[in-house]
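Asker: What follows is a single structure, and I will ask about it in a moment.
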């Protein structure tokens, strides 16, 4: 009793100094600050009392339906609506809180994409905050405010075949705005009993001011035809509630950049001295008006360049591999020639890599559209073409790769095998490894990745240093993602973020004849193309120059995925110069020629 009396007197004293609002955060122990019970008192077909829309003018799709868990006879059903913006029903807490325990029962439908979403927010907020939880692609996920990506809370959730006999789950979330983490406890599917031990602690989103509301999400964030059920939603508040456990810190990013700070203003980065720009190919109204993924190689006094060409759309039907040649160092180029002719049906050829091997010019391009189902590219494989020097025509050598879209000129490893980077049929990072000098046989090896990589077209580029292979991967969080292999590409570290800024766009990793490693990539967005160079020992980058900057010419013809951009670079060194080919607006093939004498770490640059 003395201890309780002391605590009360201390609270009164503190509140007199800091204001009465502190009392509501401390003196009220484990108050029930929100409860909708089991929705038993709600009327079917009527608006929920005490709830309002999160964003004015939106139309969330919710209804009270029969069939709650246990003895409940009603529950709340939420589903997709056609409203945009932040679409949700919100309900305020009785008083704003610093620490809460949120509990609710839920079930969700079998659908790809997001089928359930709940968030908390500060009073009268215009965005979610702290708790930002969803079920997406079969996993319960919390949005991490540090990385701005979804992290898995648990995969031990089970979808329901129909809302009449749902599979219920019970979830508890302990949230405190003074702690970074949110501690979750999740029941087993079909049970409402919470476990004693936490299921996970994940970092929250915008962990700043007080928690004032809970929102149930509708709108276009929910997948088409998806639904979810909510019941027994209860929120307790008070500082005597349990504190969230500590969240595991993020690992240190891979130090790909070891130079000075990169200027935030891209215009402060110098251009490569003496860079020369040319156009290899522009489309015509009566021809193939989509172009992407150029590659280049030199052999026997001739430059060969090729790229994906389709009539209208990226990765569209009738896509082909076409190219041109130059006999004057890339100044002028021949008429178009067809390398991979494409098909009349769903199958198609697309871009890939060019390389010289045993005195012949090879290209291995992607082919997809028919075969094993993939999230991105059904039946993805690589088809090889060789230039017949006698007939001067490209001849197919058949399928040489499975489940890999290759992107780099192959790199010779000390064990005699060649390696190239790519992406697989699901858009995930992968490499392909040759059987020695037999380039008609390649093994595909997937690279493991962190979920926050959020891979989407995870184009991968690689280079080697002895038995070590470094992979630079397109991923999330506006940085390059890195994976390392110490056994010639057979096994890989889990891909994680680096400290090198890079938007979601393909890069090219190479090594100059000087021994310096280089990376050609976009910076900030596809309006800027840069080259970054390191030293002769470490696979790191220290200096950066601009290659192209400013908005490219706009596309002249309609087509999906087209926009002003300089993108998908590919580098090739010849006779002291680096030749970089790339897409211009996904219609033209651009060429920039750099003197490698300027690409030294001693040059004045960031």
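Asker: How large is the Kirkwood hydrodynamic radius of the stretch 543-606, in angstrom, based on all distinct alpha carbon pairs?
Answerer: That comes to 13.3 Å for the stretch 543-606.
Asker: Roughly what % of Cα-Cα distances in the stretch 159-270 sit above 21 Å, to the whole percent?
Answerer: Tail of P(r) above 21 Å: 60 percent of Cα pairs.
Asker: Quote the Stokes-Einstein diffusion coefficient, in whole µm² s⁻¹, for the stretch 403-512, based on the Kirkwood radius over alpha carbon pairs, a temperature of 37 °C and a viscosity of 0.692 mPa s.
Answerer: 243 µm²/s
Asker: Let me ask another. Normalised by the number of residues in the chain, what is the relative contact order in percent for Cα pairs under 8 Å and 6+ residues apart?
Answerer: Here the relative contact order equals 11 percent.
Asker: While we're here: Along each principal axis of its Cα atoms, how long is the stretch 315-402 end to end? Whole angstroms, biggest number first, please.
Answerer: For the stretch 315-402, the Cα extents along the three principal axes come out at 44, 26, 20 Å.
Asker: Exposure proxy check: 188, 586 ranked by fewest other beta carbons within 10 Å?
Answerer: Fewest to most other Cβ atoms nearby, the residues stand as 188, 586.
Asker: Based on other C-beta atoms within 10 Å, arrange 71, 506 from fewest to most.
Answerer: Neighbour counts put them in this order, fewest first: 71, 506.
Asker: Could I ask something else about it? Could you state the principal axis extents of the C-alpha atoms in the stretch 161-215, from the largest down, to the nearest angstrom?
Answerer: 40, 26, 14
Asker: Oh, and also: Pairs of alpha-carbon atoms within less than 8 angstrom and 6+ residues apart define the contacts here; what relative contact order does the stretch 266-598 have, in percent?
Answerer: Relative contact order here is 15 percent.
Asker: Still on this structure, please answer the following. Please report the base-10 log of the normalised intensity I(q)/I(0) for the stretch 417-456, using a Debye sum with one equal scatterer per alpha carbon and no solvent, at each q in 0.15, 0.21, 0.30, 0.31 (1/Å).
Answerer: Those come out to -0.39, -0.64, -0.97, -1.01, one per q.
Asker: What value in Å³ per residue do you get for the convex hull of the alpha-carbon atoms in the stretch 58-141?
Answerer: Hull volume over Cα atoms, normalised by residue count, gives 133 Å³.
Asker: Report, to one decimal in Å, the Kirkwood hydrodynamic radius for the stretch 249-382 based on all distinct Cα pairs.
Answerer: For the stretch 249-382, inverting the mean 1/r across all distinct Cα pairs yields 17.7 Å.
Asker: Now for a different question. Please express the Cα-Cα pair-distance distribution P(r) of the stretch 316-367 as a list of whole percents, one per 5 Å bin, running from 0 to the bin with the greatest distance.
Answerer: Per 5 Å bin, starting at zero, the Cα-Cα P(r) for the stretch 316-367 comes out as 5, 19, 20, 22, 18, 9, 5, 1 percent.
Asker: Also, quick follow-up: Would you mind computing Rg(Cα) / (2.2 N^0.38 Å) for the stretch 479-606, counting N as its residues?
Answerer: Normalised by 2.2 N^0.38 Å, the Cα Rg of the stretch 479-606 equals 1.12.
Asker: log₁₀ I(q)/I(0) of the stretch 26-237 at q = 0.09 Å⁻¹, via Debye over equal Cα point scatterers, no solvent, to two decimals?
Answerer: Rounded to two decimals, the profile gives -0.30.
Asker: Let me ask you something else. Over the Cα atoms of the stretch 124-199, Rg to Rh with Kirkwood Rh, two decimal places?
Answerer: 1.00
Asker: With equal scatterers on the alpha carbons only and no solvent term, can you work out the Debye log10 of I(q)/I(0) for the stretch 337-474 at 0.10, 0.12, 0.21 1/Å?
Answerer: Log10 I(q)/I(0), no solvent term: -0.32, -0.46, -1.27.
Asker: With each run of n ≥ 4 DSSP H residues scored as -39500 (n - 2.57), what mean residue ellipticity at 222 nm is computed for the chain after dividing by its residue count and rounding to the nearest 500 deg cm²/dmol?
Answerer: Value at 222 nm, helices only, nearest 500: -1000 deg cm²/dmol.
Asker: If you average the sequence gap of Cα pairs under 8 Å that are 6 or more apart and divide by the length of the stretch 26-237, what percent do you get for the contact order?
Answerer: 33 percent
Asker: Wrap a convex hull around the Cα atoms of the chain, take a quarter of its surface area, and give that in square nanometres.
Answerer: 33.0 nm²
Asker: Can you give me the convex hull volume of the Cα atoms of the stretch 266-598, divided per residue and expressed in Å³?
Answerer: In the stretch 266-598, the Cα convex hull volume per residue is 125 Å³.
Asker: For a footprinting-style exposure proxy, rank 187, 224 by other Cβ within 10 Å, fewest first.
Answerer: Taking fewest neighbouring Cβ atoms as first place, the list is 224, 187.
Asker: Okay, next question. Using alpha carbons only, what's the Rg to Rh ratio of the stretch 385-429 with Rh from Kirkwood?
Answerer: Dividing the radius of gyration by the Kirkwood radius yields 1.08.
Bear in mind these aren't lab numbers, they're just calculated from the coordinates by the rules spelled out. Note that the structure is predicted; figures quoted are calculated from it, not measured. In this analysis, Cβ positions are derived from the backbone assuming ideal geometry, glycine residues included, and neighbour counts consider all displayed protein chains.
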